[in-house]
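Report on the following structure.
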Amino acid sequence: MQLPSASSTTKLCLRLHPDRDADLIAWLETLAGLPFGNKGEAVKVALRRGINMEEESQPAAAAELLAQLRTVVEAAVTSALADAQVVKYATTPMTPTSETDVLLDALGKDLTL
């Protein structure tokens with residue numbers, strides 16, 4: 001493919017399919033009433049925006065994103081635990097009051113209702 005020189009023009013032809021390109025077709029229909037030349041300018045503006053958005057939104061490497069996520073999570077956990085207090089509750093053994101409690105104690109189980 002030979003690139004055009006600065007003094008020549010390049011013609012762009014493309015085919016839009018109603019089932020896949022309905023959004024583009026609808027957008028182009030909104031340009032139908034524009035004066036001569038403005039439709040082409042609108043397409044050029046849209047293409048340039050697309051190029052710039054693509055350059056700005058290039059995803060970072062997965063490893064870099066994972067490292068950033070780890071940093072954020074570690075900071076959040078550290079912050080949450082900074083004010084946390086661990087309290088140990090003293091437990092006193094309960095005296096079984098029924099035959100069921102005696103049997104559960106013998107099994108080492110608790111019955112919670």
**Asked** If you place +1 on the Cβ of every Lys and Arg, -1 on the Cβ of every Asp and Glu, and leave all else neutral, what size is the dipole of the stretch 14-78 about its Cα centre, to the nearest 20 Debye?
**Response** 200 debye
**Request:** Give the residue from 63, 73, 22 lying farthest towards the positive end of the charge dipole for the stretch 14-78; charges sit on Cβ (+1 for Lys and Arg, -1 for Asp and Glu) and the dipole is referred to the Cα centre.
**Result:** 22
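None of the figures in this text is laboratory data; all of them are computed from the coordinates on show. The shown structure was predicted, so the numbers you read here are calculated from the model rather than taken from an experiment. Every residue, glycine as well, gets a Cβ built from its backbone with ideal geometry; the counts of neighbours run over all protein chains shown.
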